[in-house]
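Right, one structure below, let's go through it.
The values are calculated or read from the model by the stated rules, or taken from the named source; none is laboratory data. None of these values were measured; they are calculated from a predicted model. A quick note on method: Cβ atoms are made from the backbone with ideal geometry, for glycine too, and the neighbour counts reach across all protein chains shown.
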Amino acid sequence: MSSFWAVTIEMVIVAVLFLLLYAVTGLFLVYAERKVCAFIQNRLGPNRVGPYGIFQTVADLIKLLFKEVIPIKNADSFLFNLALT
């Protein structure tokens, strides 16, 4: 294998590891934010999906990916699409 491909593969592996690190950090921070908000509001917080609710963010992501946008016939299409973003 040439040194070019070795360096390219190494950079791709490092990039994937960084993305995974930031994704896991983001998941943990969302979980921590929900738990802190629940504590402040005197409630339990996420506790439905997985042990102690640790998979709630993943469940929310899956729900968001499967949502269907139903356009309204008489609505202003520009404002409707603007509200979706």
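Residue 47 - would you say it is of a type in the set (S, T, N, Q), in a loop (DSSP other than H, G, I, E, B) and modelled with pLDDT of 90 or more? No; evaluated as a whole, the condition is false for this residue. Restricting attention to segment 50-69, which residues are in a loop (DSSP other than H, G, I, E, B) and aromatic (Phe, Trp, Tyr)? Within segment 50-69, 55, 66 meet the criteria.
Of the residues making up segment 1-28, those that are farther than 30 Å from residue 46 by Cβ and in contact with a helix residue (DSSP H, G or I) (Cβ under 9 Å, 6 or more places away or on another chain) number 1. Of the residues making up segment 1-33, those that are among the β-branched types (Val, Ile, Thr) and free of Cβ contacts under 8 Å to residues at least 24 places away in the same chain are 7, 8, 9, 12, 13, 14, 16, 24, 25.
Of the numbered criteria (1) farther than 23 Å from residue 85 by Cβ; (2) in a loop (DSSP other than H, G, I, E, B), the one residue 21 fails is (2). Note on segment 3-51: residues that are surrounded by 12 or more Cβ atoms within 10 Å (Cβ to Cβ) and either small (Gly, Ala, Ser) or touching a Phe, Trp or Tyr at 6+ places or on another chain (Cβ under 6 Å) (or both) total 4.
For segment 62-73, the set of residues classified as at pLDDT 85 or above and either touching a helix residue (DSSP H, G or I) at 6+ places or on another chain (Cβ under 9 Å) or more than 14 Å from residue 27 (Cα to Cα) (or both) consists of 63, 64, 65, 66, 67, listed by residue number.
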